[in-house]
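Comments concern the structure below.
The values are calculated or read from the model by the stated rules, or taken from the named source; none is laboratory data. Model, not experiment: these values are computed from the prediction. Cβ placement follows ideal geometry from the backbone for every residue including glycine, while neighbour counts extend to all protein chains displayed.
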Amino acid sequence: MRINKGPLVKVLAFVVSMGLMIAMVGIVFGRVRIQPSTEFEAVFTDASGLTVGSDVRGNGVAIGSVKSIALGEDRHAVVRFSVADDVTLTEATQARIRYANLTGDRYLDLMPGNDANAEAKAAVLAEGDRIPLTQTRPALDLDQFFQGFDPLMRALDAEEVNELATNVLNVTQGQAGAVEAMLANVGSFTSRLADRDRIIGRTITHLSEALSVLDGHHQDLDDLVVGMADLMDGLAEDREAIGSSLASINVAAADTADLLARIRPGVKANIDQMGELARAINLNETEIREVLDTYPSFARKLGRLGAYGSFFNFYLCGVKLKMDLPGEDLDVYTPWTIDDKGRCGGVQR
C-alpha cells in the first residue's frame, strides 16, 4: 500500500512557517540588534532606573543598548553599553541618564562635549574605553526632591489645621461669633510656627537644594512637561474614540472569555494529539527527509506544468483500479490499462 504523504508535508510546512514567524517576533520585541557594534563603559554616581537592554541614544536616535550594570571598586555604578560601529565617541563625549517615558523607564543619552573646538581635537575612544565620572550625570532623583518638603509637613498639626478650617467655614456661614475663636487659633498657630523657626529654616535650605537639583535637570523637566502636554493633547483628540472603544473592549473581553471556554476542550485534545504527531514524525523521519530532499525537484517540475497559465496540463495515460472487499487484506487490484503511444509514450508501470 502507498502512504499518502500529502498531509505530513503540509504539517511540516506549517511548523516551519510558524517557527520562523515566532523567531521574527522574538527579534522585534527583544530589541535584538544584529548590526556590528562596539562596547564602551561609563561611570555614574547613581544608575537607578537604568536596566540591561535599555536604549542608548544619540540626538534622540537609538544607536545601541545597555549590556551590563555593575558596582565599581569606588562604589560608583559602571555601565557597559554598545553602540553601532558607525558611531564615533571621543574623550569629550558626555553621558546622561534620562527619563524615556512617564512610567519611569530610562535610557542612556550620549552627547558631544560643550566645547566644539575641544570636541574636534579630542581623541577617539577605543573599544572598552571608559567615560569618566566628570562627564556623566544621573537622572533626576525624585525622592531627594520631595524629601525637601518633609520638615514643613512635620511642622503642621493636622488637628489645628482642621480647627482653623472649621472656624473659617463658620464665619462664612454667618456665625460672626466664631471670629474671636478663629483669631485665637490663628495666633496660636503662628506662635507655634515661630517656635519652629529652625525647622522652617531647614525647610528653606532643603527647598534650595531641591531647586538646585531641578535647575541641573531643567532640560529633563522641560522634556517631561512637553511630553505630558503632547500625551494630554493626543488623549483629548481621541477622547471620543477612546470612550466608544471601552464598550467594544468590554464586549470583546466577554466574547474572548466565552470563546476560550468553548474551545478549551478542543485545545486540550489538540495538545494531547501533538504528542502523537511528534511520535509519528519521529517514526517517519526517513520519509520526511526524503520528501524534503525531493521537494525542490518536484516543485520545479510542477512549475513547468503551470508555465502556460493558471492551469495544469495532465493526460490520462494509465488506469489501475483498487477494490476494497469485506474482511482483512482483501484488496483487489485490476491490471494496468496503459496507452503508451503519443504523449503517453514512455509511461512507467
Exercise for review: May I ask you to list the residues in the range 113-127 that are surrounded by 10 or more Cβ atoms within 10 Å (Cβ to Cβ), under 13 Å from T88 (Cα atoms) and touching a residue at least 24 places away in the same chain (Cβ under 8 Å)?
Suggested key: E119, A122, V124, L125, E127
Point to revise | Of all residues in the range 92-114 being assigned to a loop (DSSP other than H, G, I, E, B) and either at pLDDT 90 or above or in contact with a Lys or Arg (Cβ under 9 Å, 6 or more places away or on another chain) (or both), the one that is nearest to V225 (Cα to Cα) | key: A100
Review point. Residues V43, V56, V61: which one is within 27 Å of L231 (Cβ to Cβ) and touching a Leu at 6+ places or on another chain (Cβ under 6 Å)?
Key: V56
Review point. Take the residues of the range 130-157 that are surrounded by fewer than 17 Cβ atoms within 10 Å (Cβ to Cβ) and among the charged types (D, E, K, R): which is modelled with the highest pLDDT?
Key: R130
Exercise for review: May I ask you to list the residues in the range 293-339 that are under 60 Å from the mean Cα position of the chain (by Cα), at pLDDT below 80 and among the small types (G, A, S)?
Suggested key: A299, G303, G306, A307, G309, S310
Review point. When you go through R33, R80 one by one, which is the residue that is at pLDDT below 90 and either among the basic types (K, R) or assigned to a strand (DSSP E or B) (or both)?
Key: R33
Exercise for review: State which residue pairs qualify: first residue within 25 Å of M232 (Cβ to Cβ) and aliphatic (A, V, I, L, M) and inside the range 242-262, second residue in a helix (DSSP H, G or I) and modelled with pLDDT of 80 or more in any location, beta carbons under 9 Å apart, and separation of 6 or more residues or different chains.
Suggested key: I242/L235
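Table: residues versus (1) within 30 Å of A139 (Cβ to Cβ); (2) not assigned by TED's automatic domain parsing to the domain that holds G104; (3) not aliphatic (A, V, I, L, M).
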{"site": "G216", "(1), (2), (3)": "yes, yes, yes"}
{"site": "L221", "(1), (2), (3)": "yes, yes, no"}
{"site": "R239", "(1), (2), (3)": "no, yes, yes"}
{"site": "S244", "(1), (2), (3)": "no, yes, yes"}
{"site": "D258", "(1), (2), (3)": "no, yes, yes"}
{"site": "A278", "(1), (2), (3)": "no, yes, no"}
{"site": "N282", "(1), (2), (3)": "no, yes, yes"}
{"site": "D293", "(1), (2), (3)": "no, yes, yes"}
Exercise for review: Considering only residues that are closer than 30 Å to A100 by Cα and in contact with a helix residue (DSSP H, G or I) (Cβ under 8 Å, 6 or more places away or on another chain), look in the range 231-288 and name the one that is surrounded by the fewest Cβ atoms within 10 Å (Cβ to Cβ).
Suggested key: L235
Exercise for review: Please find, within the range 236-275, the residue that is farthest from V11 (Cα to Cα) out of those that are of a type in the set (D, E) and part of a helix (DSSP H, G or I).
Suggested key: E237
